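Worksheet for the structure shown next.
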Amino acid sequence: MSDLQKLFGLSGRVAVVTGASAGLGVEFAEALASAGADVALLARRKERIESVAERLSADYGVRAFPVAVDITDRAAVREAFAGVAKELGTIDVLVNNAGVSPTGKAERQWPEDWDNTLELNLTALFHCCLLAAEHMRAGGRGGRIINVTSIFARLASSLFRVSAYVAAKGGAENLTRQLAVEWASDDITVNAIAPAWFPTEMIEESLTKGGIEESMSAANPMGRIGRTGELKTACLFLAAPGSSYVTGTTVMVDGGHSAW
Ligand SMILES: NC(=O)c1ccc[n+]([C@@H]2O[C@H](COP(=O)([O-])OP(=O)(O)OC[C@H]3O[C@@H](n4cnc5c(N)ncnc54)[C@H](OP(=O)(O)O)[C@@H]3O)[C@@H](O)[C@H]2O)c1
């Protein structure tokens with residue numbers, strides 16, 4: 001095994017990615033598979049995850065296991081994690097990526113958007129952390145939890161009205177720190193990735209509106225939004241066997257957006 005493989009290789013490891021039917025979840029699953037991990041793909045759209053699984057197995061020679069599940073359904077997601085462990089083995093890595101981002105004035109986000117957003121982006125994320133940690137402890141070899149937050153875990157958005165989203169993401173970022181502290185003695189690291197804007201279904205409608213991409217780009221030192229593929233290395237770094245002393249931190253993948 002090369003030195004690089006010892007540091008970053010994930011062969012023989014099992015990763016779970018939530019929200020793996022589209023967008024960034026597919027990118028994270030692909031990054032982990034490219035490092036040799038077997039991957040479980042969780043999302044509601046069965047055909048989508050089946051086709052992602054087929055592609056990853058063919059391209060990287062790993063086992064890819066699609067599990068159609070709504071991760072806000074607590075009983076179903078518990079069963080899904082048990083199914084992954086049975087099919088692929090002990091869970092080593094969790095990427096908590098599923099999320100929604102409804103837009104609308106704060107007054108109009110109450111109560112439906114608020115409830116749905118907090119339930120998926122924060123409560124289900126916490127539940128998945130708990131389930132993964134249970135499996136990781138049982139496996140006895142520690143683990144890596146990666147929560148996908150946002151630059152808007154720390155900042156307000158001037159472009160979009162996203163009260164519920166910023167509240168949930170801010171909560172997820174601080175929860176990341178707390179779990180990192182509580183689970184350090186189990187060798188379970190808990191970190192976050194905070195992206196700026198990336199072109200996925202989540203923002204595709206906004207991108208079709210005149211001037212929005214220009215405004216997003218103007219708010220960024222690099223003068224552009226993120227590109228597909230630019231989140232892979234952050235995921236690989238936080239999932240890596242060599243990152244055993246990195247915990248409770250957030251990797252900003254934002255072209256410097258949060259730096260100025
Ligand atoms: N794109 C950006 O600019 C950006 C920026 C910062 C942070 N983020 C964060 O990155 C993550 C991924 O975003 P994205 O842009 O890739 O979004 P996306 O393209 O809209 O994809 C969202 C994913 O979440 C899944 N999902 C939604 N509700 C679910 C549920 N109840 N149960 C299971 N899966 C569910 C969707 O799958 P199904 O519909 O098949 O269930 C889909 O795979 C989110 O947490 C988002 O907040 C995105």
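The values are calculated or read from the model by the stated rules, or taken from the named source; none is laboratory data. This structure is a prediction, so every number in the text was calculated from the model and none was measured. No Cβ is skipped: glycine too gets one built from the backbone with ideal geometry, and neighbour counts run over all protein chains shown. The protein model used for the area step is the full one, side chains on, heavy atoms only, and it has no ligands, DNA or RNA in it. Shrake-Rupley method; radii C 1.70, N 1.55, O 1.52, S 1.80 Å.
Local charge for Ile203 was computed over the other residues whose Cβ lies under 11 Å away, with Lys and Arg +1 and Asp and Glu -1, and equals -3. Between Lys86, Lys232, Lys46, the GNM of the chain built on Cα springs shorter than 10 angstrom shows Lys86 fluctuating the most. Translational diffusion coefficient of the chain (Stokes-Einstein, Kirkwood radius from Cα pairs, 20 °C, 1.002 mPa s): 117 µm²/s. Rolling a 1.4 Å probe across all protein chains gives Arg177 an accessible area of roughly 90 Å². When the alpha carbon gyration tensor of the range 113-204 is reduced to an equivalent ellipsoid, its three semi-axes come out at 27, 13, 12 angstrom, largest first. In sequence order, the range 60-70 has phi-based couplings of 10, x, 9, 7, 10, 10, x, 10, 7, 7, 8 Hz under the Karplus curve 6.51 cos²θ - 1.76 cosθ + 1.60, θ = phi - 60°, and Gly or Pro positions carry x. Counting only heavy atoms of the protein chains and using a 1.4 Å probe, Ile71 has close to 10 Å² of accessible surface.
Past the 24 Å Cα-Cα mark, which pairs from Lys105/Lys209; Lys46/Lys105; Lys46/Lys209; Lys169/Lys232? Listed pairs above 24 Å: Lys46/Lys105; Lys46/Lys209.
Kirkwood radius and radius of gyration were both taken over the C-alpha atoms of the range 14-158, and their ratio Rg/Rh is 0.99. If the chain linking Val246 and Arg55 were pulled fully straight, counting 0.36 nm for each residue of separation and taking away their Cα-Cα distance, it would gain 65.6 nm.
If only the Cβ of Lys and Arg carry +1 and only the Cβ of Asp and Glu carry -1, the dipole of the chain around its Cα centre is close to 280 debye. Rolling a 1.4 Å probe across the protein heavy atoms gives the chain an accessible surface of 47 Å² per residue. Could you pull out every residue, at least 5 positions away or on a different chain, whose amide H is within less than 5 Å of the one on Trp197? Hs are placed 1.01 Å off N in the peptide plane, and Pro or chain starts have none. Residues meeting the criterion, in which the H sits 1.01 Å from N, are Gly226.
Charges on Cβ only, +1 for Lys and Arg, -1 for Asp and Glu, centred on the Cα centroid of the range 1-156; of Ala156, Gly140, Trp110, which one is farthest towards the dipole's positive end? Checking the options against the dipole of the range 1-156, the answer is Gly140.
Fully extending the segment from Trp110 to Phe126, taken as 0.36 nm per residue of separation minus the present Cα-Cα distance, adds 3.6 nm. Proximity of backbone amide H atoms, modeled 1.01 Å from N, is registered between Val251 and Ala192, Ile193, Ala194 at under 5 Å, excluding neighbours fewer than 5 places apart on the same chain.
Once you treat every alpha carbon in the range 14-62 as an equal point and sum by Debye, what is log10 I(q)/I(0) at q = 0.18 Å⁻¹? Treating every Cα as an identical point scatterer, log10 I(q)/I(0) equals -0.41.
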